[in-house]
1. Can you put A:ILE54, A:ILE73 in order, fewest other beta carbons within 10 Å first?
2. Would any residue of the stretch A:38-81 have its amide N under 13 Å from a label point 7 Å out along Cα→Cβ of B:ALA3? List them or say none.
3. Once label points are set 7 Å from the Cα along Cα→Cβ at both B:GLU82 and A:THR20, what is their separation, rounded to one decimal in nm?
4. What is the distance in Å between the Cα centroid of the stretch B:13-77 and that of the stretch A:1-65?
5. How would you rank B:HIS73, A:HIS92, B:HIS29, going from fewest to most other Cβ atoms within 10 Å of each one's own Cβ?
6. Starting from the 7 Å offset along Cα-to-Cβ, what nm value, one decimal, do you get for the label separation of A:VAL12 and B:GLU53?
7. What ranking do A:THR20, B:THR13 get, fewest neighbouring Cβ atoms within 10 angstrom at the top?
8. Lys/Arg Cβ at +1, Asp/Glu Cβ at -1, dipole of the stretch B:4-117 taken about the Cα centre: which of B:ASN57, B:ALA87, B:CYS23 is farthest positive-ward?
Amino acid sequence: EDKVVQSPLSLVVHEGDTVTLNCSYEVTNFRSLLWYKQEKKAPTFLFMLTSSGIEKKSGRLSSILDKKELFSILNITATQTGDSAIYLCAPHGSSNTGKLIFGQGTTLQVKP
Amino acid sequence: DTAVSQTPKYLVTQMGNDKSIKCEQNLGHDTMYWYKQDSKKFLKIMFSYNNKELIINETVPNRFSPKSPDKAHLNLHINSLELGDSAVYFCASSQAGLAGFRVTGELFFGEGSRLTVL
C-alpha cells in the first residue's frame with residue numbers, strides 16, 4: 001500500500017528562522033513528488049520534483065528529492081508570518097490518472 | 001476568473017439528509033477529482049473522472065455518488081448524511097489522462113466546500 005509520512009507534524013518558529021520539512025514515501029512506480037501549501041482554503045502548488053539531487057528553488061523556498069532513500073525535503077529560509085500554513089507532500093504513483101497521495105501535512109506557524 | 005469553482009462553499013445540514021456539491025473547471029483539463037479533508041487535515045482522494053469516465057473509486061460508502069455530465073463538471077451527491085461525513089470536500093482538476101502519461105500530475109484545487117452534519 002502506498003504511504004506518505006511527513007515530519008514534523010507541527011512546528012512553531014520565529015520570523016527569520018530556517019525550517020526543514022520532511023517527507024518520506026513508498027509509492028508504486030513513482031513518477032514525481034509535489035509539494036503544496038495550504039493556507040485557509042485550497043492547496044496551492046509549490047514544486048514538482050522528478051529527479052534526485054536537483055534542487056528546485058522559488059524565492060526563499062527550495063526542495064530536493066532523493067529517489068534512492070525515498071524522501072524529499074522542503075526548506076524555507078528567513079521565514080515570514082505569511083509562511084504560516086500547512087505544507088503537504090504528495091507523491092505521484094503508477095497510474096496515468098494523476099492520482100496524488102497526500103501526507104498528513106506539516107503545520108507551520110511563524111511568530112513575529 | 002476562477003479556474004476550479006465549487007458550490008456551495010458552506011453547507012450545514014441534518015443527519016439523514018441528501019446534499020450535492022457542484023464543481024466546474026475552466027482549465028480545459030481532462031481529469032477531475034474529489035478529495036475529502038477531515039478534521040486532522042488529511043487530504044484523501046475519493047473519486048476521479050477522466051473525460052466523464054470514472055477511473056478512480058477509492059473505498060467510499062455507496063452513499064457518495066459522483067456524476068460528470070461533461071469533462072468540465074464533476075458533481076458529488078451524498079445520500080443519508082452521517083456525522084462522520086463532516087469535512088471539507090475539495091474538487092480538483094489536472095491534465096493527467098488515460099491516453100499516456102504526459103503531464104506533471106499537478107492538481108489545481110477549488111476552494112473547498114465545508115460540510116457540517118448536525
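1. Listed from fewest to most nearby Cβ atoms, that is A:ILE54, A:ILE73.
2. Only A:42-48 pass the distance filter.
3. Between B:GLU82 and A:THR20, the simple spin-label model gives 4.3 nm.
4. Using only Cα atoms to place each centre, the spacing works out to 25 Å.
5. B:HIS73, B:HIS29, A:HIS92
6. Each label point is offset 7 Å from its Cα along the Cβ direction, giving 5.2 nm.
7. Placing the least packed residue first, the sequence is A:THR20, B:THR13.
8. The Cα lying farthest towards the positive end belongs to B:ALA87.
No lab work stands behind these numbers, since they all come straight from the coordinates. All values reported here derive from a predicted model rather than from experimental measurement. Glycine gets a Cβ as well: all are built from the backbone with ideal geometry, and neighbour counts include every protein chain shown.
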